[in-house]
1. In segment 1-82, which helices (runs of 4 or more DSSP H) lie fully inside it and hold 3 or more residues that are modelled with pLDDT of 85 or more and under 20 Å from F96 (Cβ atoms)?
2. Just for segment 101-114: of the residues that are part of a loop (DSSP other than H, G, I, E, B) and open to solvent by less than 20 Å² (accessible area, probe 1.4 Å), which one is farthest from G49 (Cα to Cα)?
3. Please go through segment 83-100 and give me each residue that is in a helix (DSSP H, G or I), under 22 Å from A134 (Cβ atoms) and out of contact with any helix residue (DSSP H, G or I) (no Cβ under 6 Å at 6 or more places or on another chain), ordered by number.
4. From the set of residues in segment 121-135 that are in a helix (DSSP H, G or I), of a type outside the set (A, V, I, L, M, F, W, C) and open to solvent by 10 Å² or more (accessible area, probe 1.4 Å), which is farthest from E154 (Cα to Cα)?
5. Could you give every pair whose Cβ atoms fall below 6 Å, whose first residue belongs to segment 33-51 and is of a type in the set (S, T, N, Q), and whose second residue is modelled with pLDDT of 85 or more and in a helix (DSSP H, G or I), counting only separations of at least 6 or pairs across chains?
6. Looking only at segment 265-286, how many residues end up being farther than 23 Å from R146 by Cβ and either open to solvent by 50 Å² or more (accessible area, probe 1.4 Å) or touching a Leu at 6+ places or on another chain (Cβ under 9 Å) (or both)?
7. Please go through segment 299-332 and give me each residue that is in contact with a Lys or Arg (Cβ under 6 Å, 6 or more places away or on another chain) and surrounded by 18 or more Cβ atoms within 10 Å (Cβ to Cβ), ordered by number.
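The values are calculated or read from the model by the stated rules, or taken from the named source; none is laboratory data. Values in this document were obtained by computation on a predicted structure and should not be read as measured data. Every residue, glycine among them, receives a Cβ derived from its backbone with ideal geometry; neighbour counts consider all protein chains shown. Side chains are part of the model used for accessible areas, which takes the heavy atoms of the whole protein and leaves out ligands, DNA and RNA. Shrake-Rupley method; radii C 1.70, N 1.55, O 1.52, S 1.80 Å.
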Amino acid sequence: MARDLFKPNDSAQETEALLRSLRELIQDARQKVLRAVDAVQVQTSWEIGHHIVEFEQGGSARAEYGTRLLQTLASSLAAEFGRGFDTSNLRYMRLFYQAFPIRDALRHELSWTHYRNLLKVENEAARAWYMNEAATQGWTTRALERQINTLYYERLLASSDRKAVAEEASGAIAPLHTPREFVRDPVMLEFLGIPGVGRLLEADLERALLNNLQAFLLELGRGFAFVGRQYRVSTESKDFYVDLVFYNYLLKCFVLFDLKSGELTHQDIGQMDMYVRMMDELKRGPDDNPTVGIILGAQKDSSVVRYSVLHENEQLFASRYKLVLPSEDELRAELDRERAKLEQETSSGDAH
């Protein structure tokens, strides 16, 4: 009779209920870990920025020393704790404190990558709005970046139909971060000092694309000579880094390449124009021709390539440069081919 009382369906339902409970428990635990690490990284970045600014404001002697301060600090901190504390990241931390001097006003729901995106917003009111909206709406870092790049705040203020603008903006928002995305975040991994964990990072993908592009250009045989990667161009107050710099001895000019993930924006184009102008002013020799820039948008579906030439040099570009430099179609095809190859290798690695 005891066997008759056993009901397989009831047992299966109980097991499924148990699995649901365990899934919820694990997902909740992972989210707590993500939020905890995010909060600590944001707090630490704010504190570091605070210390740097307070030190720099400690007198005229320190202010003069401040131009070299970040490089001095980075040489020690990066060697001990990793790339998360190099000159570029320390500068972000200083800007972070200057943009958000009241720590209690920060939103704990946001990550350090969120705040790095917010630093691109110069208008204080817009920056505060994006911060609060991102926290309230649960925007991912990519969603926040999209809203900033498409001037969501500014369009809301200017539009008489705010509901339509809001609906359009919310339509492209991605789901919340997953733990897999978390361990692929190079900014987080640099902070923790454990780069290279998990799948091929987006930073690694970009590095591989640049490696291939460098080889591709040198193999073209059209006068390209390699100058540098992450090539620094500095003003009195800021350092800028260009992904790839070549000198073309047939054209007698510098050729700059900057790789961007996702869709190209007006800000990206403006940035390259600035790089071109700075190279002309700071690096170009008396016998050199004007610098030309090339922006590469390594989009997942289809890459985009744009040449950046200062307005006064457009005729020179059309008549001479185009005869030597690779076409946009050539560069785009090479990017797409290499990206597809790398992603296939990554997917094969995940399957194992």
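1. Numbers: elements: 2-5, 8-56, 60-81.
In segment 1-82, the matching helices (runs of 4 or more DSSP H) lie at 8-56, 60-81.
2. If we filter segment 101-114 for residues that are part of a loop (DSSP other than H, G, I, E, B), which is where we start, we get 101-102, 106-111.
Retained after the next criterion (residues that are open to solvent by less than 20 Å² (accessible area, probe 1.4 Å)): 110-111.
Details: L110: 17, S111: 16 Å.
Per the stated criteria, the residue is L110.
3. N89, L95, Q98, A99
4. The extreme case among them is N132.
5. Q41/W112; S45/M93; S45/F96; S45/W112
6. Filtering segment 265-286 for residues farther than 23 Å from R146 by Cβ gives 275-286.
Still in the list and also either open to solvent by 50 Å² or more (accessible area, probe 1.4 Å) or touching a Leu at 6+ places or on another chain (Cβ under 9 Å) (or both): 275-277, 279-284, 286.
Of the residues in segment 265-286, 10 are farther than 23 Å from R146 by Cβ and either open to solvent by 50 Å² or more (accessible area, probe 1.4 Å) or touching a Leu at 6+ places or on another chain (Cβ under 9 Å) (or both).
7. So the first thing to find is which residues in segment 299-332 are in contact with a Lys or Arg (Cβ under 6 Å, 6 or more places away or on another chain), and the list is 303, 305, 324.
S303, V305, listed by residue number.
Residues are listed down the side, and each one gets a yes or a no for (1) within 19 Å of the chain's Cα centre (by Cα); (2) over 24 Å from Q230 (Cα atoms); (3) of a type outside the set (G, A, S); (4) open to solvent by 20 Å² or more (accessible area, probe 1.4 Å):
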residue	(1), (2), (3), (4)
L19	no, yes, yes, yes
V53	no, yes, yes, no
N89	yes, no, yes, no
L119	yes, no, yes, yes
